[in-house]
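The structure appears right after this line, and notes come after that.
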Amino acid sequence: DLAIIEAASGMSYGEYMRQNIWQPLGMTDTRMDDPLDVIPNRVRGYQLINGQVKNSEFIDISSRFAAGGTRSTIPDLLKFAKGVLDGKLLKNETMNMMATSMSTKAGRLTNYGMGWETTPYNGRYMLVHSGGQQETRTLLYIVPTQNFALAVGVNFEGSNPGTYLGRLFQLLTGAPLTQDVYSPDKVKAAAAEAIRATFDYGVSDFERTHKSLAADDKELTEAFAYFNSLVNPEMLKTQETMTKIR
């Protein structure tokens, strides 16, 4: 990606990002890392070793460029998210490509598009990206249909930023980010997984496109018939059915 950007623009990666993304979006605290620079308010990173908090190991990340070589802040991450929501960065066609899950040759969704995680948490159309390396863990949620975003950065390597965003999401929306259903019975657990996944992907797609996945009532009837043929106690006992559910 770095080589493509530099070849197409004739600029260094950092300069291209400054002129075309960071400055237009007002991301004044975002920069390429330089271990020798004195960066205002730079935060030290920590890790846990044998139950004790220690400094993170020093590592020069300036050579990583887009893969972790950028220093930023939570306000700037939210400015970036607002730029995405306002359509200031990409054409709609390009954004749709990035937000569409890729799939394997067998047709199984990867829940990852061209740069975004696309997992439909509890049936929501969401764009997610996380990051982690020495010193830090970060996480960004963008919810286009509700026009808001959440971001967190933690200067502790062993942390789980999803815990904070999950709680914040619930406080803001009144609903949990996910609703996990568990059953010790393998057959019931498989049926629950099939129902949950069908709901999540169906509702998420409708949120995104405002259109039904089915072309007409006939196709919808066939889809339910296929679903019901697999999600019954006898069929759920076979590994083949579990593969089809996934």
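Read the figures in this text as sums done on the coordinates, not as results from a lab. Remember, it's a predicted structure, so these values are computed and weren't measured experimentally. Cβ sites come from the backbone with ideal geometry, for glycine too, and all protein chains shown count toward neighbours.
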| task | Pairs to check: LYS88/LYS211; LYS88/LYS244; LYS82/LYS105; LYS82/LYS211. Give those whose C-alpha atoms are more than 30 Å from each other in this structure. | result | LYS88/LYS244; LYS82/LYS105
| Per the helix-only calculation at 222 nm, which mean residue ellipticity applies to the chain, given -39500 (n - 2.57) for every DSSP H run of n ≥ 4 and division by its residues, nearest 500 deg cm²/dmol? | -11000 deg cm²/dmol
| message | Placing unit charges on C-beta atoms (Lys and Arg positive, Asp and Glu negative, everything else neutral), compute the dipole magnitude of the range 22-99 about its Cα centre in debye, rounded to 20. | response | 160 debye
| request: Putting +1 on Lys and Arg Cβ atoms and -1 on Asp and Glu Cβ atoms, find which of PHE148, ALA194, THR163 reaches farthest to the positive end of the dipole of the range 89-194. | output: ALA194
| field | Highest-MSF residue in the chain out of GLN134, GLN19, GLN146 [GNM, Cα springs under 10 Å] | value | GLN19
| said: Which of GLY158, GLY51, GLY174 ends up with the largest GNM mean-square fluctuation for the chain, with Cα atoms connected below 10 Å? | reply: GLY51
| task | Taking amide H positions as placed in the peptide plane 1.01 Å from N, state which residues far from PHE148 in sequence (5 or more) or on other chains have amide H under 5 Å from it. | result | VAL143
| request: Using only alpha carbons, build the gyration tensor for the range 128-207 and give me the equivalent ellipsoid semi-axes, biggest first, whole Å. | output: 27, 18, 12
| field | Farthest toward positive dipole pole in the chain [+1 Lys/Arg, -1 Asp/Glu at C-beta], among PRO176, SER63, GLN133 | value | PRO176
| field | Bins of 10 Å from zero: percent of alpha-carbon pairs in the range 1-42 | value | 27, 45, 26, 2
| field | All aspartates and glutamates inside 18 Å of LYS79 as judged from Cα atoms, apart from same-chain residues fewer than 8 positions distant | value | ASP29
| field | Reciprocal of mean inverse Cα separation for the chain (Kirkwood radius, Å) | value | 21.0 Å
| query | With charges only on Cβ, +1 for K and R and -1 for D and E, what is the dipole size of the chain about its Cα centre, in debye, rounded to 20? | reply | 320 debye
| request: Taking a cut-off of 18 Å between Cα atoms, list the aspartates and glutamates near LYS186, but don't count ones fewer than 8 places away on the same chain. | output: GLU234, GLU240
| Over the chain, what is the mean sequence separation of C-alpha contacts under 8 Å (at least six apart), divided by residue count, expressed as relative contact order in percent? | 14 percent
| query | Top mean-square fluctuation among PHE199, PHE224, PHE80, Gaussian network model of the chain, C-alpha springs under 10 Å? | reply | PHE224
